[in-house]
Amino acid sequence: MTGLKTSSNLPATDGMKVFTNSKQVLDAQRLVVDLALSSGRHDCLACEQNGNCELQDAAYYLGITKPSFNLYDDDYQIDDTSEFIVVDRSKCISCGRCIVGCNHTVVNEVLNYGNRGFETKIVFDTDLPMGSSTCVQCGECVQLCPVGCIIDKRAIGAGRTWELDKVETVCPYCGVGCRLEVHVDRTQDKIIRITGVEDSPTNNGMLCVKGRYGFDFVQSEERITSPLIKEDGKFRKASWEEAIALVASKFTSFKKEYGSDSIVGLASAKVTNEENFAFQKLIRKEVGTNNVDHCARL
């Protein structure tokens with residue numbers, strides 16, 4: 001075959017020999033990466049993606065120490081109009097991952113390319129600020145961006161990738177069971193950001209706005225840390241033993257005086273399927289009623 005071919009979409013045929021590290025191939029790769037570095041403001045030392053950037057990795061692999069050209073247009077403005085995401089187009093390499101993710105993975109259909117030629121850029125709807133567009137802040141574009149163009153707003157300056165521990169868990173918000181990777185600063189015992197687990201069979205890396213950005217409650221000083229019992233219109237702290245005994249005695253008295261169907265159980269989307277199973281079994285078997293429902297009506 002004449003010329004260089006793209007490995008991502010060239011069908012393999014019998015007897016084909018593929019060379020990925022010839023001088024011709026490496027020179028072409030260096031030129032492409034060099035042009036990407038030259039056409040943006042890639043200040044790696046100050047970038048949030050330092051150490052987790054595919055452009056940085058490619059430049060290191062190809063031995064590029066500084067851009068050869070000066071193609072950067074200083075007209076780019078940072079878009080921080082949305083609640084959870086910052087867009088810095090000066091770092092964009094027009095790879096299109098965010099567009100594919102938005103349109104074909106989560107199917108929100110907000111992102112696209114705007115303008116032509118060297119002025120090509122990612123746009124939201126009809127080139128609106130992100131905060132004024134129909135973006136639902138799911139953060140799929142943040143997870144897919146290979147550079148520092150689209151980043152989590154609240155994670156800026158909060159810790160480098162290598163400084164954070166990654167802990168895998170399950171999203172607490174609904175019954176889908178999306179797998180999360182929680183990025184934790186152990187020195188402050190604080191969650192910095194959350195990403196979806198790419199190889200999870202339930203969510204394939206995708207998350208909704210709650211799963212990705214709704215973690216403030218974990219560190220909230222207003223969290224209830226013990227059972228509360230109301231007496232004379234005011235709550236007081238109680239032990240688990242006292243609280244459970246009180247609930248059991250109330251259930252027993254209601255059941256005796258008004259019958260089992262006077263009691264209703266409402267299950268929660270924020271607990272596991274196993275816990276919900278145990279809860280409905282408690283309501284049906286011990287309380288003796290089928291009045292049990294679930295809050296996840298969606």
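The numbers here are math on the coordinates, done by the rules we state, and not lab data. The structure presented is a predicted model; accordingly, all values stated were derived computationally and were not measured. No Cβ is skipped: glycine too gets one built from the backbone with ideal geometry, and neighbour counts run over all protein chains shown.
Tell me what the chain gives for mean residue ellipticity at 222 nm when only DSSP H runs of n ≥ 4 count, each as -39,500 (n - 2.57), the sum divided by the residue total, rounded to 500 deg cm²/dmol. Dividing the helical sum by the residues of the chain leaves -6500 deg cm²/dmol.
Computed from backbone phi with θ = phi - 60° and the Karplus coefficients 6.51, -1.76 and 1.60, the 3J(HN,Hα) list for region 192-209 is 9, 7, 10, 10, x, 7, 5, 9, 6, x, 8, 10, 6, x, 7, 9, 8, 4 Hz; x is used for glycine and proline. In plain terms, the chain from GLU222 to CYS295 could stretch by 24.0 nm, reckoned as 0.36 nm per residue minus the Cα-Cα distance. In this simple spin-label approximation, THR202 and SER94 carry label points 7 Å from Cα along the Cα→Cβ vector, and these lie 4.0 nm apart. Between VAL176 and LEU26, the simple label model (points 7 Å from Cα in the Cβ direction) yields a spacing of 4.4 nm.
Here region 1-160 is treated with +1 on each Lys and Arg Cβ and -1 on each Asp and Glu Cβ, and its dipole about the Cα centre works out to around 620 debye.
Among the cysteines of the chain, those whose beta-carbon sits 4.7 Å or more from every other cysteine beta-carbon are CYS44, CYS47, CYS53, CYS95, CYS102, CYS135, CYS138, CYS145, CYS174, CYS208, CYS295.
Modelled this way, with points 7 Å down the Cα-to-C-beta line, the labels at SER239 and PHE254 are 2.5 nm from one another. Remark: CYS135, CYS44 ranked as CYS44, CYS135, counting other beta-carbon atoms within 10 Å and listing the fewest first.
Among rounded, prolate and oblate, which fits region 228-294 when a ≥ b ≥ c are the square roots of the eigenvalues of its C-alpha gyration tensor, a/c under 1.5 means rounded, and a/b larger than b/c means prolate? Because a/c hits 1.5 or more and a/b fails to exceed b/c, region 228-294 counts as oblate.
How high is the relative contact order of the chain, given as a whole-number percent (alpha carbon pairs under 8 Å, six or more residues apart)?
11 percent
When every Cα-Cα distance of the chain is counted in 5 angstrom steps from zero, the calculated P(r) takes the values 1, 4, 8, 11, 12, 12, 11, 9, 7, 6, 5, 4, 3, 3, 2, 1, 0, 0 percent.
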